[in-house]
1. Residue by residue through region 250-308, note down the ones that are part of a helix (DSSP H, G or I), of a type in the set (Val, Ile, Thr) and either closer than 23 Å to residue 205 by Cβ or open to solvent by less than 60 Å² (accessible area, probe 1.4 Å) (or both).
2. Being within 17 Å of residue 132 (Cα to Cα), out of contact with any Pro (no Cβ under 8 Å at 6 or more places or on another chain) and at pLDDT 95 or above is true for just one of 176, 164. Which residue is that?
3. Tally time: how many residues in region 22-63 are of a type in the set (Lys, Arg) and touching a helix residue (DSSP H, G or I) at 6+ places or on another chain (Cβ under 8 Å)?
4. Checking the conditions here, which among 21, 26 is modelled with pLDDT of 95 or more, under 27 Å from the mean Cα position of the chain (by Cα) and open to solvent by less than 30 Å² (accessible area, probe 1.4 Å)?
5. Please go through region 12-53 and give me each residue that is in a loop (DSSP other than H, G, I, E, B) and within 25 Å of residue 124 (Cα to Cα), ordered by number.
6. Checking residue 196 against (1) closer than 20 Å to residue 94 by Cβ; (2) among the β-branched types (Val, Ile, Thr); (3) without any contact (Cβ under 8 Å) to a residue 60 or more places away in the chain; (4) outside any helix (DSSP H, G or I), only one condition comes out false. Which one?
7. Looking at 165, 158 in this structure, which one is open to solvent by 70 Å² or more (accessible area, probe 1.4 Å), among the small types (Gly, Ala, Ser) and more than 30 Å from residue 389 (Cβ to Cβ)?
8. Would you point out which residue out of 67, 8 is part of a loop (DSSP other than H, G, I, E, B), in contact with a Ser or Thr (Cβ under 9 Å, 6 or more places away or on another chain) and surrounded by fewer than 21 Cβ atoms within 10 Å (Cβ to Cβ)?
Amino acid sequence: MKTICLREGKERSLLRRHPWIFESAIARGRADAGETVRVESSDGKFLAWAAFSPASKIRARVWSFDEAQRIDAPFFIAACQVAIRVRAKFDIQSDGLRLIHGESDGLPGLIVDRYGDTLVAQFLAAGAERWKAVLCDALLAETGLNKLYERSDASSRALEGLPEATGWLRGEGPTELLLREHGWKLAINIATGHKTGFYLDQRDSRKKFVDYTRRLGFQRVLNCFCYTGGFTVAALQAGAGHVTSIDSSAPALQQAAANLELNGLDGARATWLDADVNASLRRFHEQGQRFDAIILDPPKFAPTVSHAERAARAYKDINRLAFKILEPGGVLFTYSCSGGISVDLFHKIVASAGTDASVDGFISERLGGAPDHPMTICFPEGEYLKGLVVMRK
């Protein structure tokens with residue numbers, strides 16, 4: 001077993017059971033991509049077993065802090081069993097759910113979502129890639145399914161020195177699937193859709209928007225970065241008078257319109273704009289248009305902390321413009337899915353946007369990812385998705 005030794009004082013995060021070891025923390029030692037290494041402090045004490053990644057700034061990701069633990073096939077089989085079985089304890093109103101959420105489930109670099117009878121997996125780190133075959137077998141054995149599609153095409157693969165990889169790993173079948181959540185249906189494509197095919201992490205937020213719409217009776221809703229219309233379907237199902245939805249992807253808008261038809265919703269209550277969100281918000285302000293409710297669910301502006309400053313300006317700009325066109329008493333659902341933007345920083349960004357727009361508001365709720373996308377005590381970075389519900393004064 002190969003060993004890496006940390007610099008003096010660099011063991012503190014591991015003693016707190018944080019699973020990342022950065023390149024700068026390592027004094028000596030190396031291994032092949034994905035190979036399991038013994039991690040020791042500067043004085044030779046055992047700290048963890050980890051997967052080595054020679055190309056990544058996160059040079060190793062911890063599998064276990066137990067010195068007696070063997071990192072072998074039974075280890076991964078057991079880890080998959082624990083992660084999947086705990087999902088049965090959550091109240092998930094959907095046949096689409098996340099089964100494995102990377103570090104939060106003790107399997108760094110592995111994301112697995114289930115859509116009905118099909119699994120979709122992302123192997124995003126060298127360790128998960130090395131154990132891919134074992135993990136695939138374990139996932140199918142525990143779920144009783146026979147179809148697993150790979151979507152290892154995220155940009156983070158390049159940071160690990162890994163090429164993109166997509167396609168069927170086990171079994172085969174259609175990639176166009178029907179997702180059911182709460183009281184509606186959504187058509188998705190696991191081969192071409194964002195992430196593993198859809199944004200399952202916003203499932204509970206879509207239901208939350210339904211609750212607000214029914215209670216407050218929104219008549220004019222604006223859904224920005226609408227993708228395939230999840231929030232739009234939710235709003236119209238809840239009785240919203242009209243929803244204007246904006247996205248810069250024409251295919252996504254076509255699918256969104258089809259999702260309305262799939263749910264038997266009146267297309268006359270929806271307007272689709274293939275346009276830039278910022279430019280559209282400015283135009284609405286200039287035209288004097290106002291909305292009772294606005295959803296801002298932008299893409300990842302800051303994948304890491306190094307991008308935070310530039311991303312903060314982008315988040316602030318769209319929130320400032322949204323506040324300007326939100327009716328007094330109107331509600332803003334605003335989100336950041338950027339890991340480089342903390343909960344506190346996001347709050348400050350939204351507050352600064354309100355100040356610049358000369359608007360104040362009540363924060364009625366703080367939102368996050370659905371429970372099948374868990375954050376753990378030792379890995380706060382798992383809280384990548386954060387949201388605020390703001391009611392304008």
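The values are calculated or read from the model by the stated rules, or taken from the named source; none is laboratory data. Given the structure is predicted, the values throughout are model-derived calculations rather than measurements. Heads up, the Cβs are rebuilt from the backbone with ideal geometry, glycines too, and the neighbour counts pull from every protein chain shown. Areas reflect the complete protein model, heavy atoms only, side chains present, ligands, DNA and RNA absent. Shrake-Rupley method; radii C 1.70, N 1.55, O 1.52, S 1.80 Å.
1. Selection gives 277 alone.
2. Answer to the check: 164.
3. 3
4. Details: 26 fails: under 27 Å from the mean Cα position of the chain (by Cα).
Exactly one of 21, 26 is modelled with pLDDT of 95 or more, under 27 Å from the mean Cα position of the chain (by Cα) and open to solvent by less than 30 Å² (accessible area, probe 1.4 Å), namely 21.
5. Listed by number, the residues that qualify are 16, 17, 18, 19, 29, 30, 31, 32, 33, 34, 35, 53.
6. (3)
7. 158 is the lone residue from the list that is open to solvent by 70 Å² or more (accessible area, probe 1.4 Å), among the small types (Gly, Ala, Ser) and more than 30 Å from residue 389 (Cβ to Cβ).
8. Working: 67 fails: in contact with a Ser or Thr (Cβ under 9 Å, 6 or more places away or on another chain).
After applying the criteria, what remains is 8.
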